[in-house]
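Quick notes on the structure that follows.
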Amino acid sequence: MHESLFQPFTMGSLEADNRIFMAPLTRGRSTQPGSIPNDMMTTYYRQRASAGLIITEATGISVEGLGWPAAPGIWSDEQVEGWKQVTSAVHEEGGLIVLQMWHMGRLVHPLFLGGNPPVSASATKAPGHAHTFEGRKDYEQAREATKEDIARIVEDYRHAAENAKKAGFDGVQLHGANGYLVDQFLRDSTNLRTDEYGGSAENRTRFLREVLTALVDVWGADRVGVRLSPNGETQGCDDSDPATTFGAAAKVVEELGLAFLELREPGPDGTFGSTDVPKQSPLIRKIYSGALILNSDYSPEEATADIDAGRADAVSWGRDFISNPDLPTRFRIGAEISPNVNVPHSWYGRGPEGYVDYPALSEAERTAAE
């Protein structure tokens with residue numbers, strides 16, 4: 001079933017066996033202190049290695065950039081050693097895995113920073129609450145990044161990219177979506193700057209370009225991708241003219257020749273965030289000539305239709321991969337997709353429940369479904 005989903009294709013130097021990708025999913029299972037990947041995470045990713053591409057959970061590039069309890073990092077030698085176990089396990093199963101690189105910007109609570117304010121494009125405050133080791137806390141106002149801060153953060157990305165290579169990843173993806181630091185620079189509701197990093201859409205993409213250039217310097221463009229969320233508000237981050245802003249961002253991605261671009265695009269009936277703002281992927285498809293990956297509330301039938309029509313090259317699934325570690329097999333044979341019955345506390349819990357205890361289909365179940 002859904003033959004188009006099982007056609008291999010090449011993105012730069014990345015050769016995917018199928019077009020059913022695993023979207024990045026924050027799960028909060030790393031070892032603390034230290035934000036170190038561990039054996040449980042190794043099992044989790046090994047179980048899901050049949051994805052055409054695994055994009056890891058968002059991974060902090062620095063202490064400054066990580067504000068989520070028990071999320072992993074990639075700035076220390078200990079973290080590199082932990083990730084080596086993960087990449088080795090995925091490769092042993094024949095899988096492909098890239099690291100998603102994360103700086104949360106204004107969404108880092110000062111509790112993670114020794115009481116210091118977080119950094120952002122401008123001195124703004126996010127709505128809502130941060131998840132911290134002390135429970136939910138109101139976000140606090142960020143300070144505007146100086147040019148020295150910007151240069152330093154670009155180098156933090158470069159260092160993290162070098163560590164990702166040491167850890168054995170097949171490539172990297174920049175997290176430029178969901179209201180985090182790159183998105184805070186891109187959108188005009190959070191970027192109020194009047195220097196060369198603010199104002200016009202081209203100026204607001206400058207930070208994106210500088211970070212991606214650093215990643216390309218380390219990996220080559222053929223192993224670098226980026227994730228964007230071009231339609232609708234997310235975590236208080238929005239834009240008055242998404243077509244202009246994300247058209248400019250797509251132009252940056254095209255000019256740098258990146259291997260892939262993933263777009264999170266919820267619709268009006270989204271099950272995890274919804275918006276009436278039109279999807280920007282048709283516009284972006286006209287600008288960016290590389291591999292386009294679409295995401296958000298897809299059925300296999302919808303994904304097949306978009307791939308067959310040339311609207312996408314692959315589709316990424318998130319929550320379905322949580323409860324179906326063998327999701328490609330289930331799509332292929334038309335087996336039932338297990339619902340994700342766990343509430344968010346188990347998505348982000350600390351133990352194996354709701355993480356590595358979802359079973360793959362047994363041989364008897366596979367035979368019956370076929």
Segment 112-136, subset among the small types (G, A, S), outside any loop (DSSP other than H, G, I, E, B) and under 23 Å from the mean Cα position of the chain (by Cα), residue surrounded by the fewest Cβ atoms within 10 Å (Cβ to Cβ): A130
Yes or no: G273 in contact with a strand residue (DSSP E or B) (Cβ under 9 Å, 6 or more places away or on another chain), assigned to a loop (DSSP other than H, G, I, E, B) and surrounded by fewer than 19 Cβ atoms within 10 Å (Cβ to Cβ)? yes
Would you pick out the residues in segment 247-262 that are without any contact (Cβ under 8 Å) to a residue 40 or more places away in the chain and either aliphatic (A, V, I, L, M) or buried (at least 20 other Cβ atoms within 10 Å of the Cβ) (or both)? A250, L261
Flagged in segment 33-88 as assigned to a strand (DSSP E or B) and either crowded, with 23+ Cβ neighbours inside 10 Å or touching a Cys at 6+ places or on another chain (Cβ under 9 Å) (or both), in numbering order, are I54, I55, T56, E57, A58, T59, G60, G73
Only one of D241, D276, D313, D269 that is of a type in the set (D, E) and under 21 Å from the mean Cα position of the chain (by Cα): D313
Could you say whether any residue in segment 309-331 is in a loop (DSSP other than H, G, I, E, B), in contact with a Gly (Cβ under 6 Å, 6 or more places away or on another chain) and either acidic (D, E) or in contact (Cβ under 8 Å) with a residue 40 or more places away in the chain (or both)? no
Selected residue [of a type in the set (A, V, I, L, M, F, W, C), assigned to a loop (DSSP other than H, G, I, E, B) and surrounded by 22 or more Cβ atoms within 10 Å (Cβ to Cβ)] from F207, F185, F169: F169
Against the condition modelled with pLDDT of 95 or more, under 30 Å from V218 (Cα atoms) and of a type outside the set (S, T, Y), how does E155 come out, does it pass? yes
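The values are calculated or read from the model by the stated rules, or taken from the named source; none is laboratory data. Just so it is clear, the structure is predicted and the values come from calculations on it, not from any experiment. FYI the Cβ positions are ideal-geometry reconstructions off the backbone, even for glycines, and counts take in every protein chain you see.
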